[in-house]
1. Along the charge dipole of the chain, pointing to its positive end and built from +1/-1 on Cβ of Lys, Arg, Asp and Glu, which listed residue (Val94, Leu142, Ala43) has its Cα farthest out?
2. Carbon and sulfur together cover what percent of the accessible area of segment 2-218 at a 1.4 Å probe radius?
3. Any chance you could get the radius of gyration and Dmax over the Cα atoms of segment 14-100, in Å?
4. Taking the mean number of other Cβ atoms within 10 Å as a proxy for protection, how do you rank 84-90, 64-70 from highest to lowest?
5. Of the options Ala130, His54, Gly66, report the single residue whose Cα projects farthest towards the positive end of the charge dipole of the chain (beta-carbon charges: Lys, Arg +1; Asp, Glu -1).
6. Can you give the relative contact order of the chain as a percent, counting alpha carbon pairs under 8 Å and 6+ residues apart?
7. Given a 1.4 Å probe and heavy atoms of the protein chains only, how would you sort Ile200, Ile214, largest accessible area at the top?
8. Let me know the charge dipole size of segment 89-134 about its Cα centre in debye, to the nearest 20, where only the beta-carbon of Lys, Arg (+1) and Asp, Glu (-1) is charged.
Amino acid sequence: MRVVTAGGHGKIAQLTHRELAGRGDTAVGLIRNPDHAAALRAAGAHPVVADLEHVGVDELADHLHGADAVLFAAGAGPGSGAARKDTVDRAAAVLLADAAERADVRRYLLLSSVGVEGEAPAGTDEVFAAYLRAKKAAEDDLTGRDLDWTILRPGRLTDDPPTGRITLTRHAPAGAAVTRTDVARVLVALLYHPGTAGRILELVDGDTTIADAIAAVDRR
């Protein structure tokens, strides 16, 4: 497969590049900063400079032609304010969907987050609340499109060694964690199971192997 990832320099994106390259797939990473190109090449990906806050839909679509799938793994990141949560976590995801439609790429994976449903609890930091609202708005836009989308909401992310055992369900236990490597492996596995399209899935550590968890979702 040829998979184009928005937010190609992120931690999960780079792990996903490695997983794809290890399978013999072609990983393409969209990056804002050209200085990040070397890191993507080291992860087995082909870097493409495209700033999602400024690129037009036609130019972005040109980068997607020939792809089998797109993955939105971009985020404004720590230290950014509420405004950039909207321009990156929401608007850039919408832009990628627009470009995918224009380039006739039907498969779209959206990396979202647990906690986006409902109002943020009282006392939640305003920037984090804006992040959750932006992620939910991106989900709402995607679910209204005629694309083969899957939304993955991981729990609290860690850099611990992967366990290879997960819980993958519509509503995962609150507060549970999952390793970034296991998230990357689940994203790649979803690409290989088109029957998971049209699903919103939450992901945390668990007792089921990734292969079995994905197969169970694919059968539903």
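The values are calculated or read from the model by the stated rules, or taken from the named source; none is laboratory data. None of these values were measured; they are calculated from a predicted model. Here the Cβ is made from the backbone with ideal geometry for all residues, glycine too, and neighbour counts use every protein chain on show. What goes into the accessible areas is simple: the full protein's heavy atoms, side chains included, and nothing from ligands, DNA or RNA. Shrake-Rupley method; radii C 1.70, N 1.55, O 1.52, S 1.80 Å.
1. Ala43
2. The computed percentage sits at 49.
3. Calculated on Cα positions, Rg and Dmax stand at 13.1, 39 Å.
4. Working: 84-90: 21.3, 64-70: 19.0.
Highest-to-lowest ranking by the protection proxy: 84-90, 64-70.
5. Result: Gly66.
6. Across the chain, relative contact order equals 18 percent.
7. Ile200, Ile214
8. Numbers: 5 positive and 8 negative charges, 50 e Å.
About 240 debye.
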